[in-house]
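The values are calculated or read from the model by the stated rules, or taken from the named source; none is laboratory data. Computed from a prediction, not measured in an experiment: that's the story for all the values here. Here the Cβ positions follow ideal geometry from the backbone for every residue, glycine too, while neighbour counts run over all protein chains shown. Surface areas here come from the heavy atoms of the whole protein model, side chains and all, with no ligands, DNA or RNA. Shrake-Rupley method; radii C 1.70, N 1.55, O 1.52, S 1.80 Å.
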Amino acid sequence: MSTIPTTLNDRPVPYTVVGGQKAGTCPEGLPVSVVLLNRGSRLYRAQLLADLERIGFDSILSIEAGPETPDVESLSGRFPQVRFLFLPEEISPGERINLGIRESCGPYVFVLWNDQKLSTVGLSSRFFERLSEQDLLCAAPFLTTRDGEPAPTQMVPAFEGTRLRILPLAPQKDGDKTLFPFDGSGIYSRERFVRTGGYDGTIPDPWWQKMDFGFRAWLWGEEIRMAQALRMCYEGSLPAEDTTPGASYGRFHLKNLAVRVREDGGNLPLGAFPSFLIRASRDPFRAVAEFRASRDWVRINKYRFRWDARSVVDLWEPLSP
């Protein structure tokens, strides 16, 4: 059973770099680096890079899955401020975000996908001053469909008895709480992200990886909120989410929902094992190893826990019937 990472450096990912600034070199300009994640067609990438350059982003990392593509040489010459990071093998979206934020400079990191278009005319220094004052882990964007309709990207948790539900809503106002940033997109505080350990690469399912990141953030006293000044639209269809509670669900459950918080910190009690074993879609020996790994992780981070899962869900106001 894989050891659960506690820092961004616990699961190093090999990569090669083409073009751009040297790692650790942060040019003058906006106090934010851009991490561009790529999927599907690269149809919109050149225009997106031009838009980001026009807005004033001087440090951009483009995370590429697979070998170097033919267009990179011309793009590298056209956009000298862009570093293209090539991965020898496919990794999860959260691991790509981890890599991008680890290799970025500056206090903030703006993560977006190549099929998203920034609708905001510009991000002023005042925006980042407010972001600093709010002390957020992540400011999540207001997203719209390609038809201009508000996308249901505010993730609201709710319990129905013992069953956890996530209600995707269209955000209504600036500062609305969201459990996690939809699609992983948003402006992250680099310092706070590093302190949380980032996304858990041992949870391969993208949905449960985001759920784990979001719950852990709120359990540890961090905040993720919607930022009305940060607006983006999808050039294509909204990504589909597979919310099936498969093998990844067990690790998410043990690290978050099963943790009990007392005055001496968080604890994964032995009494949580029988119900986990019943739910786990694996043999008892693997279930024992999974439980031990999760219990060790909770013990290492016990003093980070401020809330339990029920208390986190209670942070959201009851929804109208």
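So here's what we get for this one:
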| quantity | calculated |
| --- | --- |
| Test for Pro274: is it over 25 Å from Ala289 (Cα atoms) and surrounded by fewer than 16 Cβ atoms within 10 Å (Cβ to Cβ) | no |
| Qualifying residue in the range 287-297 (condition: outside any helix (DSSP H, G or I), out of contact with any Cys (no Cβ under 6 Å at 6 or more places or on another chain), without any contact (Cβ under 8 Å) to a residue 40 or more places away in the chain and open to solvent by less than 70 Å² (accessible area, probe 1.4 Å)) | no |
| Test: residue in the range 260-277 that is on the phi < 0 side of the Ramachandran plot, touching an Asp or Glu at 6+ places or on another chain (Cβ under 9 Å) and among the basic types (Lys, Arg) | yes |
| Phe193 crowded, with 23+ Cβ neighbours inside 10 Å, within 17 Å of Phe110 (Cα to Cα) and either in contact with a His (Cβ under 9 Å, 6 or more places away or on another chain) or at pLDDT 95 or above (or both) | yes |
| Residue check, Ile187 touching a strand residue (DSSP E or B) at 6+ places or on another chain (Cβ under 7 Å) and farther than 19 Å from Leu238 by Cα | yes |
| Scan of the range 191-208 for residues that are of a type outside the set (S, T, N, Q) and either assigned to a helix (DSSP H, G or I) or within 24 Å of Ser119 (Cβ to Cβ) (or both), ordered by number | Glu191, Arg192, Phe193, Val194, Arg195, Pro206, Trp207, Trp208 |
| Test: residue in the range 228-250 that is within 25 Å of Phe276 (Cβ to Cβ), at pLDDT 95 or above and buried (at least 19 other Cβ atoms within 10 Å of the Cβ) | no |
| Positions within the range 137-168 being under 18 Å from the mean Cα position of the chain (by Cα) and open to solvent by 50 Å² or more (accessible area, probe 1.4 Å), in sequence order | Pro152, Pro168 |
| Residue count, the range 169-190 (criterion: open to solvent by less than 10 Å² (accessible area, probe 1.4 Å), assigned to a loop (DSSP other than H, G, I, E, B) and of a type outside the set (S, T, N, Q)) | 3 |
